[in-house]
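Readers should treat all values here as calculations from the given coordinates under stated rules, not as data from a laboratory. Note that the structure is predicted; figures quoted are calculated from it, not measured. Backbone-built Cβ (ideal geometry, glycine too); neighbour counts: all protein chains shown.
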Amino acid sequence: MIIIGLANESIIECLDIVNLCNRYYSSSFLVMYGEPHDSQSIATFMKYGVKGYLLKGDDPSDLLKCLKTVSKGKIYLSETVSEGVYNHLTHSFANKYGNRKSFLTNREHDVAGHLCKGMSTSEIASLLNLKCSTVSTIKSNLFRKMNVTSVIELFNQYNRLLNSTNMYSFPSLSN
């Protein structure tokens with residue numbers, strides 16, 4: 001494991017250090033520790049192989065948690081860093097889609113709701129006066145947008161989406 005101490009290096013300098021570590025110590029886990037960077041930069045560091053990120057002002061016990069977590073091959077972000085990354089991601093999501101539910105079209109919401117009620121593609125097509133192929137296309141788009149591969153996964157993800165937007169949700173299903 002390599003802990004990269006940060007002072008006031010630029011993002012480019014940090015990436016150069018990460019790339020050198022990856023080149024000469026490819027089997028080592030990388031952890032960055034020190035001065036904060038913006039959330040986008042932290043995401044870039046993670047993309048280039050950094051497995052842990054802590055700030056100089058974080059609780060000292062976080063370092064031990066980080067080392068244990070990263071040594072198991074998992075990713076660790078201190079609470080402060082996690083909050084910053086989460087806020088960045090939700091802000092980016094809101095900028096891209098506006099309202100959280102708006103990344104689905106009204107028709108996709110209709111089809112998702114009917115799928116979650118257990119209706120088949122042909123039943124939905126008949127109900128909405130659409131061709132089966134149109135409903136199948138909408139279903140494919142839903143699966144892609146919701147990053148799911150089954151109706152049960154769609155049900156669970158769609159329910160989370162509805163709950164997060166204070167819309168009606170369906171009773172939970174277990175896999």
Filtering trypsin sites (Lys or Arg not before Pro) in the range 1-65 by DSSP loop and by at most 14 other Cβ atoms within 10 Å leaves LYS56
Take the alpha-carbon centre of the range 100-163, take the same for the range 1-75, and report the distance between them in whole Å. 40 Å
For the range 11-67, which chymotrypsin sites (Phe, Trp or Tyr not before Pro) are both in a DSSP coil and crowded by at most 12 other Cβ atoms within 10 Å? TYR25
Listed pairs LYS117/LYS145; LYS74/LYS139; LYS47/LYS68; LYS74/LYS145; LYS56/LYS145 exceeding 30 Å between Cα atoms: LYS74/LYS139; LYS56/LYS145
